[in-house]
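We did not get these values from a lab; they are worked out from the coordinates using the rules stated. Just so it is clear, the model here is predicted, and its values are computed rather than measured. Cβ atoms come from the backbone with ideal geometry, glycine included; neighbour counts cover every protein chain shown.
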Amino acid sequence: MKTITKHFFTLFFTTALTLSVLSAENPQAYTIFNSQGEKVSFAEMIDAVSTKNVVFFGEIHNCPICHWLEAETTKQLYTRHGEKLLLGAEMFEADNQLILTEYLKGTISKNSFESEMRLWNNYSTDYAKLIEFAKENGVPFYATNIPRRYAQVVALKGLTALDTLTNEAKRYIAPLPIPYIADSVITAMFETMTPQMGHSTRNPEFMSQAQSIKDATMAWNISQAFVENPDSYLLHFNGSFHSDNNDGIISFLNNYNSRLNVATISCCRQKDLSQLEEGNFGKADFIICIPHDMVNSY
């Protein structure tokens, strides 16, 4: 009996150790869920979003997994749409569109492009691959965001301050006035965030308006991309906050062109990737969950 018991415990602990080792050898970098919390594959996600006019990829700005999947999504959609694919991004400002287009067409050098473009600090690690893919494959790329100097004007003085800009400056902003509706939840969020950002004296309502002028301008430039390229598909990269819950950019896009079909992807961090946390249900058509302890790119 003692021998049987000894063999049983030996087998039990050997099995447990083996399972533990196997588990440790297969860490997950991400899991994708649909809006109802059902697991889906990357291929299934691509199949679903590829039928839509506009796909919003809502990233975590400093997450390398997000940026890798953005590049993979770009490749897959290009495989499906070819010359009909357009790209756009929050990270590039509308007054730099000429510089971006000149680089993509080979008119100016990489050095000129990078020195004049006001690129984000993580451009080389996180966004350069998207630009280079567009350049190599002749994919138009839209710099959709408002010039940051004008967003700063709104953050300090409110939306009405934009009325003082020249007509030349207004070319890089959504048509004024934008259909802005004050949102007490968003304003309250900025009321909490502004002290943490070192801007304790700023008006939270103006901060909310600055967010809205960014969203409106991105939406306007997306809508104009379809005026120039009616029979196209556009993949847009932005922080998840700008497109989660079909809000932000999408709410303005519906004003500018309600005929466009939209799909949304959102990235989030979770401790447990086996199931979608309740707070992440429904925030997008597809939610990419990444380990909470994943390394950051900055």
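Using 0.36 nm per residue of separation minus the Cα-Cα distance, give me the extension gain between Arg259 and Asn245 in nm, one decimal.
3.2 nm
Peptides 57-67, 101-111: what's the order by average Cβ count within 10 Å, highest mean first?
Listed from highest to lowest mean packing, they are 57-67, 101-111.
Counting DSSP beta bridges in the chain, what percent are antiparallel, to the nearest 5?
Percent antiparallel among DSSP bridges in the chain is about 20.
Report, in deg cm²/dmol and to the nearest 500, the calculated mean residue ellipticity at 222 nm for the chain, where each DSSP H run with n ≥ 4 adds -39500 (n - 2.57) and the sum is divided by the residue count.
-14000 deg cm²/dmol
If I model a spin label as a point 7 Å beyond the Cα along the Cα-Cβ vector, how far apart are those points for Glu277 and Glu228 in nm?
3.9 nm
Take the alpha carbon atoms of the stretch 201-247, find their center, do the same for the stretch 56-106, and report the distance between the two centers in whole angstrom.
Using only Cα atoms to place each centre, the spacing works out to 15 Å.
Taking the Cβ of each residue in Arg269, Arg171 as the centre, tally the other Cβ atoms inside 10 Å and list the residues starting with the fewest. Please list the in-between numbers first.
On the way: Arg269 16, Arg171 10.
So the residues, fewest neighbours to most, are Arg171, Arg269.
For the chain, build the charge dipole from Cβ charges (+1 Lys, Arg; -1 Asp, Glu) around the Cα centre, then report which of Cys268, Ser243, Tyr233 sits farthest towards its positive end.
Cys268
Taking the Cβ of each residue in Thr187, Thr125 as the centre, tally the other Cβ atoms inside 10 Å and list the residues starting with the fewest.
Fewest-to-most Cβ neighbours within 10 Å comes out as Thr125, Thr187.
Could you give the length gained by full extension between Ser124 and Thr101, i.e. 0.36 nm per residue of separation minus their alpha carbon distance, to one decimal place?
Contour length minus the Cα-Cα distance gives 6.5 nm.
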